[in-house]
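Student: Quick one: the structure is below, questions incoming.
The values are calculated or read from the model by the stated rules, or taken from the named source; none is laboratory data. For clarity, every value in this text was computed on a predicted model and none was experimentally measured. In this analysis, Cβ positions are derived from the backbone assuming ideal geometry, glycine residues included, and neighbour counts consider all displayed protein chains. Remember, those area values only see protein heavy atoms, side chains included, never the ligands or the DNA or RNA. Shrake-Rupley method; radii C 1.70, N 1.55, O 1.52, S 1.80 Å.
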Amino acid sequence: MSPLHFIRQRPFAVLGIVGLLWLLLPVAAKRLARVSLFEFGAPADFAASYARDLQQFWSLRTRTTNELLQTARDLANLNASYEARIQENETLREELHRLQDILRLPSNPEYRTEIARVVRRDFSTWSQRLVIRKGRNAGIPAGAPVIFNGGVVGRVAEVYAYTAVVDLLSSPALRLAAAVDGDSRPFSFQGGPNPPFTQARGTVEFVPLDVYASPETPKRLVTAGLGGVFPAGIVIGHIQNLELDTNGLFKSGTVLLDPRLNELHEVAVLVPLNPEQL
Amino acid sequence: MDPRWIVIVLANGLLVFLGGQLNHYLAHLPVSVFLLGLFLPVAGLRLRFRPALIAVFLSGLVADAARPVPFGSSALLLALLLTVWHAIRSRLPRGGVAPAIIGALLANLVLFFAQPLLLGGAVAGSATLGRILVDFGASQLALVLLGPWFFALQEQALLLMGVNLAEEARQPGGAL
């Protein structure tokens, strides 16, 4: 029997053989195929991303001179306030280093910031990811924290030559140590669930019993700084409610995340100066 | 080399890209569409089994490369659906766009609800029922709207490569 005749007569047998061959294929070959196919499709996403940037540029060109002058004035005010904060931060950093030296405490992890444009938002039913326009070319490692001016964005999940995939804070795949602002006791945060037509959410677990939150008096949730990935004190969201767990030892509840997470255009990747931190 | 599967894979690659762009803009809501069901109708209804299987399997790998599922899982699922479709296609109506759209809707239903199994338990349980229903409804609607254009695109692309599917289907051993 010729192979063509066999294929025509026994499609299920052929399917079984294909499935078996795929399962027996070495993981390295599958990994190579996946990376190759992702890199093959990346230029198309890049082109679309640059086209959006160009579109934005031309739309900004339609603004009047008065509008631009007003924006420049606002930016100048903002820059002045940031200058003051930078100086304040420098003073605090020096103070911190001095105290760490005196008390012989381990120093906090240090990062450099890599700004990256968002190429594509991929918020499917079960996963929330971003593709950003920087990857190995900018020295971004897998696991690096990603932030924006509203707080945590997520964590780098996969790194390619010129792009990286970020697991968003609202993704169920992302779990991190969190704490209520002003309280050092850590507990667990996990992204999701994400209902439609509203802002993203997360859940907190193992919250101490004496922490209270309600929609009227939400608690600001920040990173705890444990685990060595995220620096401490970066905003995650606001705890809307807390309820006693069935075991009665801890509380769990819902966290509302920043609505701007759904429309990010630019993010900052915190690349650790010491790669062993991740 | 057989141009059939190459054309189908490239067309499906274009669909993956366009679907990604659509989801990029829908992320504001946030709602997403899932269009993998559109990979099957032309391959399942018009092509012979071998080029159809190659086309669908490779298209599944292209789709899997950008998704957080085990690589190859959608490809195997698509190959299974294609084989089932191929086995029963002689008993199904195949003229016009309607059978292709209905087939794509059914395939999309199976593929969409198989996603939680591919992603694993912890992630699968994280979606709300409202989000699942809205995303599924939006996906099926997008599929009905995009389907006729996409099937015509595939057939025209094959014609450009010198492959006339309508004629082939009427030949002995063809789809019709």
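Student: Return the residue satisfying two criteria in turn: it lies in the stretch A:142-166 and is open to solvent by 40 Å² or more (accessible area, probe 1.4 Å) and part of a loop (DSSP other than H, G, I, E, B), and of such residues it is farthest from B:H24 (Cα to Cα).
Tutor: A:A142
Student: List the residue pairs whose Cβ atoms are under 7 Å apart, where the first residue sits in the stretch A:227-250 and is of a type in the set (D, E, K, R), the second is outside any loop (DSSP other than H, G, I, E, B) and surrounded by 14 or more Cβ atoms within 10 Å (Cβ to Cβ), and the two are 6 or more positions apart or on different chains.
Tutor: A:E243/A:K251; A:E243/A:S252; A:E243/A:G253; A:D245/A:K251; A:D245/A:S252
Student: With the structure loaded, tell me whether B:L133 is farther than 30 Å from A:R31 by Cα, open to solvent by 60 Å² or more (accessible area, probe 1.4 Å) and more than 11 Å from every other protein chain (Cβ to nearest Cβ) or whether it fails that test.
Tutor: Details: farther than 30 Å from A:R31 by Cα: yes; open to solvent by 60 Å² or more (accessible area, probe 1.4 Å): yes; more than 11 Å from every other protein chain (Cβ to nearest Cβ): no.
Answer is no for this residue.
Student: Could I ask something else about it? So A:K251 ticks every box in (1) under 23 Å from the mean Cα position of the chain (by Cα); (2) surrounded by 13 or more Cβ atoms within 10 Å (Cβ to Cβ); (3) over 30 Å from B:Y25 (Cβ atoms) but one. Which box is left unticked?
Tutor: Single failed check for A:K251: (1).
Student: Being over 19 Å from B:V7 (Cβ atoms) and either part of a helix (DSSP H, G or I) or open to solvent by less than 20 Å² (accessible area, probe 1.4 Å) (or both) is the filter here, so list the residues in the stretch B:48-69 that pass it. Working first, answer last.
Tutor: Here is the first cut: in the stretch B:48-69, the ones over 19 Å from B:V7 (Cβ atoms) are B:64-69.
Correct list: B:D64, B:A65, B:V69.
Student: Is the stretch B:29-44 home to any residue that is in a helix (DSSP H, G or I), facing chain A (nearest Cβ under 8 Å) and in contact (Cβ under 8 Å) with a residue 60 or more places away in the chain? Steps first, answer last, please.
Tutor: As a first pass, look at the stretch B:29-44 and keep what is in a helix (DSSP H, G or I): B:36-44.
Filter once more, keeping what is facing chain A (nearest Cβ under 8 Å): none.
No, the stretch B:29-44 contains no residue that is in a helix (DSSP H, G or I), facing chain A (nearest Cβ under 8 Å) and in contact (Cβ under 8 Å) with a residue 60 or more places away in the chain.
Student: Also: Can you confirm whether the stretch A:167-190 contains a residue that is touching an Asp or Glu at 6+ places or on another chain (Cβ under 6 Å) and in a loop (DSSP other than H, G, I, E, B)?
Tutor: Kept after step one, since they are touching an Asp or Glu at 6+ places or on another chain (Cβ under 6 Å), are these residues of the stretch A:167-190: A:173-174, A:188.
Next, only the ones that are in a loop (DSSP other than H, G, I, E, B) stay: A:173-174.
Scanning the stretch A:167-190, I find at least one residue that is touching an Asp or Glu at 6+ places or on another chain (Cβ under 6 Å) and in a loop (DSSP other than H, G, I, E, B), so the answer is yes.
Student: Do we have any residue at all in the stretch B:88-104 that's over 14 Å from the mean Cα position of the chain (by Cα), within 30 Å of A:V165 (Cα to Cα) and part of a helix (DSSP H, G or I)?
Tutor: For the stretch B:88-104, residues over 14 Å from the mean Cα position of the chain (by Cα), within 30 Å of A:V165 (Cα to Cα) and part of a helix (DSSP H, G or I): absent.
Student: Determine the pairs where a residue that is within 16 Å of A:S171 (Cα to Cα) and β-branched (V, I, T), located within the stretch A:126-148, has a partner that is open to solvent by 30 Å² or more (accessible area, probe 1.4 Å) and at pLDDT 95 or above with Cβ atoms under 6 Å apart, the partner being 6 or more residues away or on another chain.
Tutor: Taking only residues 6 or more apart or on different chains, not a single pair turns up.
Student: Take the residues in the stretch B:70-118 that are open to solvent by 40 Å² or more (accessible area, probe 1.4 Å) and of a type in the set (V, I, T); name whichever of them is nearest to A:W22 (Cα to Cα).
Tutor: B:V84
Student: Here is a follow-up. Select from the stretch A:161-176 the residues that are touching a helix residue (DSSP H, G or I) at 6+ places or on another chain (Cβ under 6 Å), among the hydroxyl-bearing types (S, T, Y) and within 14 Å of chain B (Cβ to nearest Cβ) and list them in ascending order.
Tutor: If the condition is that a residue be touching a helix residue (DSSP H, G or I) at 6+ places or on another chain (Cβ under 6 Å), among the hydroxyl-bearing types (S, T, Y) and within 14 Å of chain B (Cβ to nearest Cβ), then A:T163 is the only one that fits.
Student: Check off (1) within 14 Å of chain B (Cβ to nearest Cβ); (2) open to solvent by 20 Å² or more (accessible area, probe 1.4 Å); (3) in contact with a Lys or Arg (Cβ under 8 Å, 6 or more places away or on another chain) for A:E243 and give me the number that stays unchecked.
Tutor: Every condition holds for A:E243 apart from (1).
Student: Within the stretch B:119-129, work out how many residues are part of a helix (DSSP H, G or I) and at pLDDT 85 or above. If you could, list the steps in order and put the result at the bottom.
Tutor: Quick first cut of the stretch B:119-129, residues part of a helix (DSSP H, G or I) only: B:119, B:121-124, B:129.
Next, from what is left, pick out any that are at pLDDT 85 or above: B:129.
Going through the stretch B:119-129 one residue at a time, the tally reaches 1.
Student: Within the stretch A:107-115, is even one residue assigned to a loop (DSSP other than H, G, I, E, B), within 14 Å of chain B (Cβ to nearest Cβ) and of a type outside the set (D, E, K, R)? If you could, list the steps in order and put the result at the bottom.
Tutor: Residues of the stretch A:107-115 assigned to a loop (DSSP other than H, G, I, E, B): A:107-110.
Adding the requirement that they be within 14 Å of chain B (Cβ to nearest Cβ) leaves none.
No, the stretch A:107-115 contains no residue that is assigned to a loop (DSSP other than H, G, I, E, B), within 14 Å of chain B (Cβ to nearest Cβ) and of a type outside the set (D, E, K, R).
Student: Where residues in the stretch B:17-28 are open to solvent by 50 Å² or more (accessible area, probe 1.4 Å) and either within 7 Å of another protein chain (Cβ to nearest Cβ) or assigned to a loop (DSSP other than H, G, I, E, B) (or both), which of them is nearest to A:F46 (Cα to Cα)? Give the derivation first.
Tutor: Step one: list which residues in the stretch B:17-28 are open to solvent by 50 Å² or more (accessible area, probe 1.4 Å), which gives B:17-18, B:22, B:25, B:28.
Remaining after also requiring either within 7 Å of another protein chain (Cβ to nearest Cβ) or assigned to a loop (DSSP other than H, G, I, E, B) (or both): B:17, B:28.
Details: B:F17: 11, B:H28: 20 Å.
Taking the candidates together, the pick is B:F17.
Student: Being open to solvent by 20 Å² or more (accessible area, probe 1.4 Å) and assigned to a strand (DSSP E or B) is the filter here; which residues of the stretch A:254-278 pass it?
Tutor: A:T254, A:L256, A:E266
Student: While we're on this one: Yes or no: B:I6 within 13 Å of chain A (Cβ to nearest Cβ), among the β-branched types (V, I, T) and open to solvent by 10 Å² or more (accessible area, probe 1.4 Å)?
Tutor: On the way: within 13 Å of chain A (Cβ to nearest Cβ): no; among the β-branched types (V, I, T): yes; open to solvent by 10 Å² or more (accessible area, probe 1.4 Å): yes.
Taking the combined requirement at face value, the residue does not satisfy it.
Student: Among the residues of the stretch A:118-137, is any more than 29 Å from B:F34 (Cα to Cα), open to solvent by less than 80 Å² (accessible area, probe 1.4 Å) and not in a loop (DSSP other than H, G, I, E, B)? It would help to see each step written out before you state the result.
Tutor: Within the stretch A:118-137, the first condition is being more than 29 Å from B:F34 (Cα to Cα), and the residues that meet it are A:136-137.
Now drop any that are not open to solvent by less than 80 Å² (accessible area, probe 1.4 Å), which leaves none.
Scanning the stretch A:118-137 turns up no residue that is more than 29 Å from B:F34 (Cα to Cα), open to solvent by less than 80 Å² (accessible area, probe 1.4 Å) and not in a loop (DSSP other than H, G, I, E, B).
Student: Which residue is most open to solvent (accessible area, probe 1.4 Å), if the candidates are limited to the stretch A:177-208 and must be within 14 Å of another protein chain (Cβ to nearest Cβ) and more than 20 Å from A:P259 (Cα to Cα)? Give the steps one after another, and end with the answer.
Tutor: First, pick out the residues of the stretch A:177-208 that are within 14 Å of another protein chain (Cβ to nearest Cβ): A:188-203, A:205.
Now restrict to residues that are more than 20 Å from A:P259 (Cα to Cα): A:188, A:205.
Numbers: A:S188: 19, A:E205: 66 Å².
Looking at the filtered set, the residue picked out is A:E205.
Condition check ((1) in contact with a helix residue (DSSP H, G or I) (Cβ under 7 Å, 6 or more places away or on another chain); (2) facing chain A (nearest Cβ under 9 Å); (3) closer than 27 Å to A:A13 by Cβ) across all residues:
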| position | (1), (2), (3) |
| --- | --- |
| B:S59 | yes, no, yes |
| B:A75 | yes, yes, yes |
| B:A79 | yes, yes, yes |
| B:R89 | yes, no, yes |
| B:A107 | yes, no, yes |
| B:V110 | yes, no, yes |
| B:Q115 | no, yes, no |
